[in-house]
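Notes follow the structure.
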Amino acid sequence: MSELGIAGVGTAALAPERDAALREVAQDLEAAFLSEMLRHAGVGSSRTEFGGGIGEEQFSSFLRQEQARAMAVAGGIGLAESLFNALVSRERSAQ
């Protein structure tokens, strides 16, 4: 029985380790994209009053990255699945 992703790319021929590695890479890429989107949306920006000062500015990127990672793990915006399907297609064409 083959598994089908969004684009209909079957993953049955991939080794389980390779499948997991490609999924992790795709999820990491989606998390990086979401982190940048959150940064541009102002998430983690320092507050002017009663803010955490320089420490808040230095560590807000870590919080934003973890928030983006949690979003990607929870399903995100579907970018990871598209990236995974593209990686699988590319790997199959290289074989």
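A simple spin-label model places pseudo-atoms 7 Å from Cα toward Cβ; at R92 and F62 they are separated by 4.2 nm. Among 61-67, 78-84, 36-42, the peptide with the highest mean count of other Cβ atoms within 10 Å heads the list, and the full ranking is 78-84, 61-67, 36-42. Taking all protein chains as they are arranged and a probe of 1.4 Å, the heavy atoms of D19 leave approximately 30 Å² accessible to solvent.
The values are calculated or read from the model by the stated rules, or taken from the named source; none is laboratory data. Since the structure is predicted, the reported quantities are computational estimates derived from the model, not experimental observations. In this analysis, Cβ positions are derived from the backbone assuming ideal geometry, glycine residues included, and neighbour counts consider all displayed protein chains. These accessible areas exclude ligands, DNA and RNA; they are computed on the full protein's heavy atoms, side chains included. Shrake-Rupley method; radii C 1.70, N 1.55, O 1.52, S 1.80 Å.
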